[in-house]
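The values are calculated or read from the model by the stated rules, or taken from the named source; none is laboratory data. As the structure is a prediction and not an experimental result, all values here were calculated from the model. Don't worry about glycine lacking a Cβ; one is built from the backbone with ideal geometry, like all the others, and counts go over all protein chains shown. Please note that ligands, DNA and RNA were not included when accessible areas were found on the heavy atoms of the full protein model with its side chains. Shrake-Rupley method; radii C 1.70, N 1.55, O 1.52, S 1.80 Å.
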Amino acid sequence: GAVARATIRRSYFGGVVDFLFASGDANPDDGNQTAFKADPNFETGLLLYRQVLAAQTGRAAITAANPDLVGVPSPGLERVPTRGAPTNTVALFPRVYVRPVDGAEVYGGALFAWTQSPMADPLNTRLGGGVARNALDGAPGNFMGVELDLGARYRMLFGGTEATFGVEGAVLLPGDAFADPQGNPMAPVLGGRALFNYRL
């Protein structure tokens, strides 16, 4: 795995560009784990890694060890779920921010992501004869998609304490890495969250 970052900062605006490389594992049945998992807290958007990949890989350790399908499960299947960590990816994440008034910040960016190796669901790949199949039972391409993120936050100081309020939203436009059996990418994914932090 590797990461590189370039930043520019001015009084009221700035920008950040992150490049991330994390190796993948296209064969969960060979007894080797080659997927690099970054820290789940590494800032790489709201949806793609933290929600979509975490959900699609979360059941893999159970389904791939089904005794009705396999006699002895492959070792290391418990490491297949990503738990929100960026993995099996080459990603570029440029974003900018502006500070129109003191304490307020608006920020946004676009995450572009590709797979480093074919996205292989252990169960569907086994049922497909060993050829990589994703969690939707489709033949995975290399483009994971584009995620558009936008957020705003406001910080207030009073009585020697600090309160921060914020909202963030995102839309993920999946690519062919999330293809279904007919070759169509899954539908767009939308999400958001509200943030509040109070520090004494």
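Side notes on the structure shown:
- Most tightly packed first, judged by the mean number of other beta-carbon atoms within 10 Å of their residues, the peptides 17-30, 179-192 read 17-30, 179-192.
- The accessible-area ordering, largest first, of the residues Phe178, Phe13 stands as Phe13, Phe178, per a 1.4 angstrom probe.
- Residues of segment 102-145 with amide N under 18 Å of the 7 Å Cα→Cβ point at Arg10: 102-109
- Taking the centroid of alpha carbons for each part, segment 1-44 and segment 162-200 are 17 Å apart.
- Solvent exposure of Arg193, expressed as accessible area, is near 100 Å², computed with a probe of 1.4 Å over the protein chains only.
- Rounded, prolate or oblate (a/c below 1.5 giving rounded, otherwise prolate when a/b exceeds b/c) for segment 138-200 by Cα gyration tensor: prolate
- With protein chains left intact and a 1.4 Å probe, residues in segment 117-200 average 54 Å² of accessible area per residue.
- The distance between label points at Val171 and Ala139 comes to 3.0 nm (points 7 Å beyond Cα on the Cα→Cβ vector).
- R0 of 35 Å, Cβ-Cβ distance Tyr154-Arg83: FRET efficiency to nearest 0.05: 0.65
- Each residue of segment 190-195 was assigned a 3J(HN,Hα) from its phi angle through the Karplus curve 6.51 cos²θ - 1.76 cosθ + 1.60 (θ = phi - 60°); the sequence is 10, x, x, 7, 10, 10 Hz, with glycine and proline shown as x.
- The amide H of Val146, built 1.01 Å from its N in the peptide plane, has Leu173, Gly175 as neighbours under 5 Å, considering only residues 5 or more places off or on other chains.
- Solvent-accessible heavy-atom area per residue, rounded to whole Å², over segment 3-109 at 1.4 Å: 54 Å²
- Given [x] 0.94; [y] 1.06; [z] 1.01, the label whose value is Rg/Rh (Cα atoms, Kirkwood Rh) derived from this model: [y]
- Spacing of the modelled spin labels on Arg99 and Phe42, each 7 Å from Cα toward Cβ, amounts to 2.7 nm.
- For segment 115-169: span of alpha carbons on each principal axis (Å, largest first): 65, 19, 18
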